[in-house]
Amino acid sequence: MARGDPGTHQTLMSSHDILKAIPSVDEAIRYLEGRGVLSERPRPLVVRSVRAALEKERKAILAEDGREAASIEEAREAILGRLEREVERSALSDLVPVINATGVVVHTNLGRAPLSQSALDAVTAVARGYSNLEYDLTRGKRGKRDFLVRDALCELTGAEDALVVNNNAAAVLLALNTLAEGREVIVSRSELIEIGGSFRLPEVFEKSGTRMAAVGTTNRTHVSDVEGAIRGTTGAIMAVHWSNYEIVGFVERVGIRELAQIGGRRGIPVIHDLGSGILVETDRIGLRGEMTVAESVKAGATVSTFSGDKLLGGPQAGIAVGTADVIGRMRANPLTRALRPGKLTLGALQATLAHYLEDDALAEIPVLARITEPVESLRSRADALASIVAGKLGDRASVATAEVKARVGGGAAPEREIPSVALTIAPRTASPSAVAAALLETRPAVIVLTREDGIVLDLRTVAPSEEEALLAALVEAFEER
Ligand SMILES: *Cc1c(COP(=O)(O)O)cnc(C)c1O
């Protein structure tokens, strides 16, 4: 089939002829089936990625872009090889469980807080059938979802009232809009933060319909700056947790207590965005110096907002606690309807809060269990795992343990280090990055740190119940390497 002199097999085919090597979708699927690469993905999605891959081949051939071949057979073999790879890769865009071996406990890219067993049970129970989401069982008629976890939140924070929305960004937006639409909000220049996922405070002010009145300088804001900025059009004063950055050195901030005093004197509400919601004494989780929600309320914040899935350890949610008047006004804001949480969230949140009320949060809530696991426990788990992994990998890698620093992450004392122990694996025949990449394709996938000399698996963020799956993933990733 090669053009030109039939005697030379080196002659390359024309694009037009190479196009004939592209298999039909059916042929491609049969081939993939034969290769055993068809995942559990729904068939229409597989067909979709096969179509896209074949179309890409067609375009590349027409553009004469690295698709030379001397025969139809050769061209087809190359096409099928690339197709197999593409289809395998397309399955990687599904939402799947991963093992977090990064040592960052609240990892926003990895879904933040895993749920406790009873939170999972609550989700299942509430989701399987109907629920009293908006039905008041005490009166046998229509109720409101807004009141479901209110008592627990008030009990745990000392606030008069509480409201749950979709996430903390929503809680901040709602608080600003409710309290200060068309008015100014005083905020320290040092607190005009951007956190990941495009939450930039100046833009949040704008979208909430409020005007930002930034006071002080980047590193220092004084009480007089705040007082001097108050005018008739001031709607609120706002304090924001520095979240994922820190200013050190010549720094002065106006604390929430002082802001609350100023607000109290001048009749201006104070919004406190805590970022992470800590509901236990910070000493108990090694985070002395951080502020709990109860402390924010006690200091006099009119409304304090925080995430449900950072250090609180529950589902994605935004929680606002505060005075009955202000939370009541937020509840009545039409925006609340657009920001409300679903029943799965409320079920999981209710069960998570119950751990705090029953004082078994440190044992039962995964992020708190991970943060507070003693380093000796991590060391003995690491030693045991290292010897098993070394046995399984044989001479393909050298396996050891190392003292490392884990981090809380998630904008709650993000840079605060927690002593930890890691498994270090130096592959002998493959590069560390190739092994790390192979670990992204196991199920569950494993996210590790990659260094020049090997991969590092911080056990601080790996639950004991995940060790078996981790082991299997490592063995798979090293197969044929
Ligand atoms: C994380 C964080 C937010 C955003 O919370 P989400 O629940 O992700 O919407 C807002 N403010 C601060 C200070 C944060 O740390």
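Full extension of the chain between residue 135 and residue 219 gives 25.2 nm of extra length, using 0.36 nm per residue less the Cα-Cα distance. For segment 106-173, the solvent-accessible area works out to 56 Å² per residue, with a probe of 1.4 Å and every protein chain left in place.
Counting other C-beta atoms within 10 Å, and keeping those with at most 13, which DSSP coil trypsin sites (Lys or Arg not before Pro) do you find in segment 400-472? Could you put the intermediate results ahead of the total?
Values: sites: 405, 407, 416, 428, 451, 460; in loops: 416, 428.
When the trypsin sites (Lys or Arg not before Pro) of segment 400-472 are filtered for loop state and at most 13 Cβ neighbours within 10 Å, 428 remain.
Could you sort out which of 343/405; 141/343; 310/405 sit more than 26 Å apart by Cα distance in this structure? Pairs exceeding the cut-off: 343/405.
Full extension of the segment from residue 92 to residue 465, taken as 0.36 nm per residue of separation minus the current Cα-Cα distance, would add 131.9 nm. Which percent, nearest 5, of DSSP beta bridges in the chain are antiparallel? That works out to approximately 55 percent antiparallel.
Can you list the residues of segment 245-270 with backbone N under 20 Å from a point 7 Å past the Cα of residue 227, pointing along Cα to Cβ? Under cut-off, by backbone N: 252-270.
Working from label points 7 Å from Cα in the Cα-to-Cβ sense, the residue 377 to residue 56 distance is 4.5 nm. Were the residues from residue 443 through residue 125 laid out at 0.36 nm apart, the gain over their Cα-Cα distance would be 111.8 nm. Just to confirm the number: angle between the C-alpha axis of helix 375-393 and the first principal axis of the chain, 0 to 90 degrees, nearest 10? Taking the Cα atoms of the chain, the angle to 375-393 is about 10 degrees.
Taking a straight line from the alpha carbon of residue 392, these aspartates and glutamates sit under 12 Å away, with near neighbours fewer than eight places off in the same chain left out: 476, 479. Measuring only protein heavy atoms, the 1.4 Å probe finds residue 149 accessible over about 10 Å². With both labels modelled 7 Å from their Cα along Cα-to-Cβ, the residue 181 to residue 338 distance reads 1.0 nm. Across the accessible surface of segment 121-202, with the other protein chains kept in place and a 1.4 Å probe, carbon and sulfur atoms take up 46 percent. Using the Cβ-Cβ distance between residue 434 and residue 16 with R0 set to 35 Å, the FRET efficiency from 1/(1 + (r/R0)^6) comes to roughly 0.40. What angle, in degrees between 0 and 90 and rounded to the nearest 10, separates the Cα long axis of helix 25-35 from the longest principal axis of the Cα atoms of the chain? In the chain, helix 25-35 runs at an angle near 90 degrees to the longest axis.
Candidate cross-link partners of residue 298 among the aspartates and glutamates, defined by an alpha-carbon separation under 19 Å and a same-chain spacing of 8 or more, comprise 151, 155, 160, 161, 258, 273, 281, 283, 290, 325. Across the chain, the longest piece that holds none of the GluC sites (Glu not before Pro) lying in DSSP loops with up to 16 other C-beta atoms within 10 Å covers 282-357.
Among the chymotrypsin sites (Phe, Trp or Tyr not before Pro) in segment 69-175, those located in a DSSP loop and surrounded by at most 12 other Cβ atoms within 10 Å of their own Cβ are 130.
Bridging of residue 59 to lysines at a Cα separation below 17 Å is possible for 20, once same-chain residues fewer than 8 apart are set aside. Relative to the longest principal axis of the Cα atoms of the chain, helix 256-266 runs at roughly 50 degrees.
The values are calculated or read from the model by the stated rules, or taken from the named source; none is laboratory data. What you are looking at is a predicted structure, and each value in this text was computed from that prediction instead of being measured. Heads up, the Cβs are rebuilt from the backbone with ideal geometry, glycines too, and the neighbour counts pull from every protein chain shown. The protein model used for the area step is the full one, side chains on, heavy atoms only, and it has no ligands, DNA or RNA in it. Shrake-Rupley method; radii C 1.70, N 1.55, O 1.52, S 1.80 Å.
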